[in-house]
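The values are calculated or read from the model by the stated rules, or taken from the named source; none is laboratory data. What you see is a predicted model, and the numbers here were worked out from it, not measured in a lab. Cβ atoms come from the backbone with ideal geometry, glycine included; neighbour counts cover every protein chain shown. For accessibility, only protein heavy atoms count, side chains too; no ligands or nucleic acids. Shrake-Rupley method; radii C 1.70, N 1.55, O 1.52, S 1.80 Å.
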Amino acid sequence: PPGDSANIDHQAQVILVRLHNNVYAFALSCPHENAAVKWMPKDGRFQCSKHDSRYQPDGVHTAGRATRNMDRFAIRREGSAVFVDTTRWFQSDKNPAGWASAVVLSA
């Protein structure tokens, strides 16, 4: 996304977020019960469509029934392109180091 914002690819089930010169890739589903997460542009956060769990743009859980942060996909940057590996993801409670490192600098 250009500037700080989020793009959702419903077909790939991936959310790309650009925030403060970082890029993150998240699973579209809430970690609580796999309902879709929606971007709330006015509030600058994500919210679960089922139980209203809330997340900061970097995927950190702030409120609601979920018990962990949003799941992050492995991501890498080559030149100006960003590649997301949807076969590798990190859960903040099971792999905190992997989750924290699943970020790249924006171009």
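Which listed residue (VAL104, LEU19, SER92) has the Cα farthest towards the positive end of the charge dipole for the chain, taking +1 on Lys and Arg C-beta and -1 on Asp and Glu C-beta about the Cα centre?
The residue sitting farthest along the positive end of the dipole is SER92.
Got a number for carbon plus sulfur as a percent of region 16-107's accessible area, 1.4 Å probe?
On the way: 2390 of 4970 Å².
Carbon and sulfur atoms account for 48 percent of the accessible area of region 16-107.
Just checking my list (i) 2, 11, 14, 12, 10, 9, 8, 7, 6, 6, 5, 4, 3, 2, 1, 0; (ii) 2, 13, 21, 21, 17, 11, 7, 5, 3, 0; (iii) 2, 14, 25, 27, 20, 9, 2, 0 against P(r) over Cα pairs in 5 Å bins from 0, in percent computed from this structure; which label fits?
(iii)
Calculate the dipole size of the chain relative to its Cα centre from +1 charges on Lys and Arg beta carbons and -1 charges on Asp and Glu beta carbons; express the result in debye to the nearest 20.
Taking the Cα centre of the chain as origin, the dipole is about 120 debye.
Skip the ligands, DNA and RNA, and give the accessible area per residue of the chain with a 1.4 Å probe, whole Å².
Solvent-accessible surface per residue comes out at 56 Å².
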